[in-house]
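The values are calculated or read from the model by the stated rules, or taken from the named source; none is laboratory data. Only a predicted model underlies this, so the values are computations on that prediction, with no experimental measurement involved. No Cβ is skipped: glycine too gets one built from the backbone with ideal geometry, and neighbour counts run over all protein chains shown.
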Amino acid sequence: MTACPHTASAPPPAVFTPAFVTDPYPAYAALRQDGRAHRVTLPGGVDAWLLTSYEDCRRAFLDSDSYSKDMAGTWTAFQEQRVPITGDVVIGMGDSMLVSDPPRHTRLRALVSKAFTPRRIEALAPSVEETAARLLDGLLRRDGHLAGRADLTTEFAALLPMEVVGHLLDLPAEDGARLRRAVEAVMSNDEDSRDAAMAAFEEVHGYLGELVRRKRARGGDDLTSALIEARDQSDRLTEDELVSMLALLLSAGHETTVNLLGSSVLALLRHPRQLALVTREPKRWPDAVEEVLRWDGPIQNAIWRFTRKPVTVGDVTIPAGEAVALSVAAADRDPARFPGGERFDITRGERSHLAFGHGIHHCLGAPLARLEARIAVPLVFAKLPDLALDGEPSYRPSTVSRALSSLPVTFGPATPENVG
């Protein structure tokens with residue numbers, strides 16, 4: 001797929017091709033230079049507009065007068081049933097604050113914030129460390145042809161966040177693999193995934209609806225029970241809102257962190273001087289995580305907005321009722337905001353990136369993703385000696401996520417110092 005051309009002198013960059021999935025940043029840079037708003041056709045045939053500059057994306061995050069998150073109420077093509085049901089569209093369904101505008105968004109976020117507290121997140125730190133160490137020890141103890149080799153995506157990064165969010169929501173451990181596959185099916189959106197995405201969406205919502213019924217009957221000291229009880233005076237979450245909120249916490253809590261863990265390990269393996277610096281100076285680990293979030297963050301394009309009215313961006317006017325994607329991947333390397341933005345540099349000290357959104361839609365789970373990365377990524381390098389890439393990593397097709405599907409590595413043998 002390609003973006004609509006904006007100049008006669010050069011063809012538009014190809015987007016959402018296999019090469020783009022592997023490395024989208026050259027195309028994003030070309031789009032940024034070519035104009036501020038681009039008409040693109042997404043995999044599966046959905047037409048949308050793409051914003052690529054930092055300032056345009058930041059403003060759009062804040063502009064609830066011009067942009068809505070209500071797909072059914074605002075998107076003309078969806079209302080006229082001209083939109084194929086791809087993964088992008090499925091993500092916009094449901095009844096959560098992700099797809100809500102004020103005042104409803106304000107109400108939902110206030111209710112959820114009462115249950116999803118900083119204290120509850122920080123209390124997970126010992127569990128995150130124990131789980132990460134156990135998973136890594138399991139890799140070190142393998143023998144035979146598996147000894148000293150692993151796929152860090154499928155055998156570590158994809159397992160840790162699901163265990164953590166499962167503990168947070170009180171999900172049965174044996175359901176983790178099933179839910180992980182379902183979340184990945186929803187978030188993947190190549191041209192062959194639309195039926196799987198819809199089926200997975202329905203599976204997750206059905207599963208969580210049953211979880212709510214069980215938890216309501218017996219209660220508990222977990223986030224699911226806290227959300228069931230969350231209220232503001234006489235107001236509380238409806239059943240649909242509750243299930244949709246749990247689905248959002250499950251999918252975002254898993255997908256975002258999986259991607260952040262994999263990208264962090266990969267970025268540091270490919271920048272050994274930066275790895276050596278953070279190893280010498282462990283106090284820099286939070287800075288390393290922030291630089292990964294900016295340079296190769298877990299989300300490429302924020303969940304769509306829809307124009308309430310005609311919106312002018314640069315020399316382009318986007319009509320009312322159109323889908324607009326905010327390319328945080330392009331914005332967070334915009335040289336107008338981040339000089340030398342293509343360079344990975346953990347000493348940059350820059351935390352104004354848009355990796356977790358901005359304004360009222362800033363990701364509620366960002367502290368949890370940061371917590372897991374700050375604990376787990378240093379453990380990977382501490383426990384797996386002589387860690388190195390074992391071939392090229394691969395990525396899962398998605399216009400929303402920046403998602404490694406495979407990160408093959410080699411590492412040295414277990415020793416008394418790194419196991420146990």
**OP:** State whether one or more residues within the range 95-103 are assigned to a helix (DSSP H, G or I), at pLDDT 90 or above and of a type in the set (A, V, I, L, M, F, W, C).
**Re:** no
**OP:** Can you tell me which residue within the range 31-47, out of those that are at pLDDT 85 or above and surrounded by fewer than 18 Cβ atoms within 10 Å (Cβ to Cβ), is farthest from residue 296 (Cα to Cα)?
**Re:** 47
Original post:
Mind checking whether some residue in the range 171-178 is under 30 Å from residue 45 (Cβ atoms), of a type outside the set (Ser, Thr, Tyr), modelled with pLDDT under 95 and more than 18 Å from the chain's Cα centre (by Cα)?
Top reply: yes
**OP:** Answer with yes or no whether residue 179 is touching a residue at least 24 places away in the same chain (Cβ under 8 Å) and touching a Leu at 6+ places or on another chain (Cβ under 6 Å).
**Re:** no
**OP:** All but one of (1) assigned to a loop (DSSP other than H, G, I, E, B); (2) more than 19 Å from residue 309 (Cβ to Cβ); (3) touching a residue at least 40 places away in the same chain (Cβ under 8 Å) hold for residue 82, so report the exception by its number.
**Re:** (3)
Original post:
From the residues in the range 382-420 that are of a type in the set (S, T, N, Q) and touching a residue at least 40 places away in the same chain (Cβ under 8 Å), which one is surrounded by the most Cβ atoms within 10 Å (Cβ to Cβ)?
Top reply: 399
Original post:
Taking the range 320-376 on its own, how many of its residues are under 14 Å from the mean Cα position of the chain (by Cα) and of a type in the set (Val, Ile, Thr)?
Top reply: 1
**OP:** Hey, can you tell me all the residues within the range 292-313 that are in contact (Cβ under 8 Å) with a residue 40 or more places away in the chain and out of contact with any helix residue (DSSP H, G or I) (no Cβ under 8 Å at 6 or more places or on another chain)?
**Re:** 294, 309, 311
Original post:
Quick check: anything in the range 146-158 among the aliphatic types (A, V, I, L, M), outside any helix (DSSP H, G or I), in contact (Cβ under 8 Å) with a residue 24 or more places away in the chain and surrounded by fewer than 20 Cβ atoms within 10 Å (Cβ to Cβ)?
Top reply: yes
**OP:** Taking the residues in the range 1-30 that are among the aromatic types (Phe, Trp, Tyr) and at pLDDT 90 or above as candidates, determine which candidate is farthest from residue 76 (Cα to Cα).
**Re:** 25
